[in-house]
1. Within region 13-36, can you find the residues that are open to solvent by 80 Å² or more (accessible area, probe 1.4 Å) and either at pLDDT below 85 or in contact with a His (Cβ under 6 Å, 6 or more places away or on another chain) (or both)?
2. Just a yes or no: is a residue in region 37-54 in a helix (DSSP H, G or I), open to solvent by 80 Å² or more (accessible area, probe 1.4 Å), out of contact with any helix residue (DSSP H, G or I) (no Cβ under 7 Å at 6 or more places or on another chain) and touching a residue at least 60 places away in the same chain (Cβ under 8 Å)?
3. Considering only residues that are farther than 20 Å from Ala25 by Cβ and of a type in the set (Phe, Trp, Tyr), which ones fall in region 38-73?
4. Here's a check for you: in region 38-64, which residue that is of a type in the set (A, V, I, L, M) and more than 26 Å from Leu16 (Cα to Cα) is nearest to the chain's Cα centre (by Cα)?
5. In this structure, does Leu72 turn out to be in contact (Cβ under 8 Å) with a residue 12 or more places away in the chain and not aromatic (Phe, Trp, Tyr)?
Amino acid sequence: MRSGRHGAARPPVGVLIQQDRVDFALFVLIIVVALVSMVFTGPGSIVFWLAFIPIIATVVLAFRRIEHLSRLELNDSEFM
């Protein structure tokens, strides 16, 4: 088992996003471009279906980034 504080409160997601605005802005841009391509091509096109790949990948990367920033924030607060 890991040692450390149990039940430690994580910082709010908004605070974490503010720490790394550029990354999250790029994540939003990727999703918007994929959605725009989906709207203009329609469900009969292969581009429509391939656009799901960057959307899903971006959501996964955003959650992983939030988790990483949360861990960093908790580690920094333990040293204070």
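1. Gln19
2. The answer is no, given that none of the residues of region 37-54 is in a helix (DSSP H, G or I), open to solvent by 80 Å² or more (accessible area, probe 1.4 Å), out of contact with any helix residue (DSSP H, G or I) (no Cβ under 7 Å at 6 or more places or on another chain) and touching a residue at least 60 places away in the same chain (Cβ under 8 Å).
3. Phe40, Phe48, Trp49, Phe52
4. Ala51
5. Criteria not met by Leu72.
The values are calculated or read from the model by the stated rules, or taken from the named source; none is laboratory data. Worth saying up front: this structure is predicted, and the values here are computed from it rather than measured. Here the Cβ is made from the backbone with ideal geometry for all residues, glycine too, and neighbour counts use every protein chain on show. Just so you know, the surface numbers come from the protein's heavy atoms only, side chains and all, with ligands and any DNA or RNA stripped out. Shrake-Rupley method; radii C 1.70, N 1.55, O 1.52, S 1.80 Å.
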